[in-house]
Amino acid sequence: MSYPQQPAAMYPQQPQPPQPKKRKKWPWIVGGFVLIVFLFAAANGQETTTPSAESGTEAKSAGKQKSPEAEQSNAGGVTRLEFGETHTWSGGEAITVSAPEEYTPSNQFLQAPEGKRFVALDVTIANKGDDEYNAMSTKLTAQHNGQVAQQNYAAGDTLPDVELPPGGSTTFTSVYEIGEEAGKLQISVQPNPFAAETVYFSGQF
């Protein structure tokens with residue numbers, strides 16, 4: 001005995017449970033990379049750059065105070081120092097101008113003219129660079145009370161024709177004719193006539 005077949009509609013198909021969606025991993029990877037870049041940039045942002053008077057170049061410093069020389073260099077872009085201080089150029093030429101002293105020639109015929117006097121300064125040059133340096137390349141000028149001070153070539157030393165190897169140094173004396181009245185004495189220094197940076201040593205004398 002055969003039974004009639006029931007239509008398929010009488011037995012509805014059971015719904016399948018929803019499959020969980022797979023989470024994509026790439027947003028987490030990108031987010032982690034962005035976070036690393038941000039932390040690295042924030043760490044580098046704590047460093048500041050300040051000019052270095054001794055080198056004439058910029059040096060990195062992390063929260064350190066500027067040296068007096070660096071602050072003086074920032075004033076109008078001009079480096080002004082007191083007598084007795086030292087400045088080092090980017091080429092390694094380190095030059096010191098001593099405190100001025102009164103100079104009286106022993107020869108009575110070489111005395112300063114009336115209303116004038118002589119001042120002597122010792123200039124020390126040290127070669128801190130990697131190449132040889134001839135001290136004769138140094139250029140000096142002098143002013144006193146705003147007036148040009150002429151060098152007395154009959155006293156002191158002329159610019160020494162001395163070749164300084166790395167680590168070498170030499171000292172010579174320059175004598176200038178200035179007025180009798182006390183005032184500001186200023187000596188400008190360049191390691192060579194074509195140097196981009198000029199340093200000014202000054203003080204009352």
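We did not get these values from a lab; they are worked out from the coordinates using the rules stated. All values reported here derive from a predicted model rather than from experimental measurement. Positions of Cβ are generated from backbone atoms using ideal geometry, with glycine treated the same way; all protein chains shown enter the neighbour counts.
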> For region 145-194, what relative contact order do you get, as a whole percent, if you take Cα pairs closer than 8 Å and at least 6 residues apart?
Replying inline: 44
> Label Ser169 and Asn107 with points 7 Å out from Cα along Cα→Cβ: what is the distance between them in nm?
Replying inline: 3.2
> Between Asp131 and Thr158, what is the spin-label point distance in nm, taking each point 7 Å from the Cα along the Cα→C-beta axis?
Replying inline: 2.6
> At q = 0.17, 0.21, 0.25, 0.26 Å⁻¹, what log₁₀ I(q)/I(0) does a Debye calculation on the Cα points of region 125-205 give, no solvent, two decimals?
Replying inline: -0.75, -1.03, -1.24, -1.29
